[in-house]
Amino acid sequence: QVQLRESGGGLVQAGGSLRLSCAASGRTFSSYVMGWFRQAPGKEREFVAGLRWSDGSAYYADPVAGRFTISRDNAKNTVYLQMNSLKPEDTAVYFCAADPRWTITPMATRYDYWGQGTQVTVSS
């Protein structure tokens, strides 16, 4: 199986920036999607951004479009989430996930592998 290791979470003020990292190890796939999800207290896990590894194409959820950027580093087997102009409503535990498919999907149930999550807290 694939193991995902996340890092980069922390406490920032509104308007600040943070970059999350997710390093993949173990078995990899020629065609797969990497996704970022988040879950706030009392809410369901929601899709944030996805990336198709083969060509780097990306898809963003409306609340983060224009503020967040997902990218990859092939040599490091790592996917990043650059978060700018952070808002208090961005506060959540952020998870990275992998899906051995080609089409980016916002459905959490499609993703087979998950990281442990990293806390992001944005103060007013």
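The values are calculated or read from the model by the stated rules, or taken from the named source; none is laboratory data. From a predicted model like this one, the values you see are computed outputs, not experimental measurements. No Cβ is skipped: glycine too gets one built from the backbone with ideal geometry, and neighbour counts run over all protein chains shown. When the accessible area is computed, the model is the full protein with side chains, heavy atoms only, and any ligands, DNA or RNA have been set aside. Shrake-Rupley method; radii C 1.70, N 1.55, O 1.52, S 1.80 Å.
Under a 1.4 Å probe, what is the accessible area of the chain per residue, stated in Å²?
Value for the chain: 52 Å² per residue.
Place the peptides 100-110, 12-22, 33-43 in order of packing, highest mean first, counting for every residue the other Cβ atoms within 10 Å and averaging per peptide.
33-43, 12-22, 100-110
Determine the gain in length on full extension of the stretch residue 116-residue 40; use 0.36 nm per residue of separation and subtract their C-alpha separation, reporting nm with one decimal.
25.9 nm
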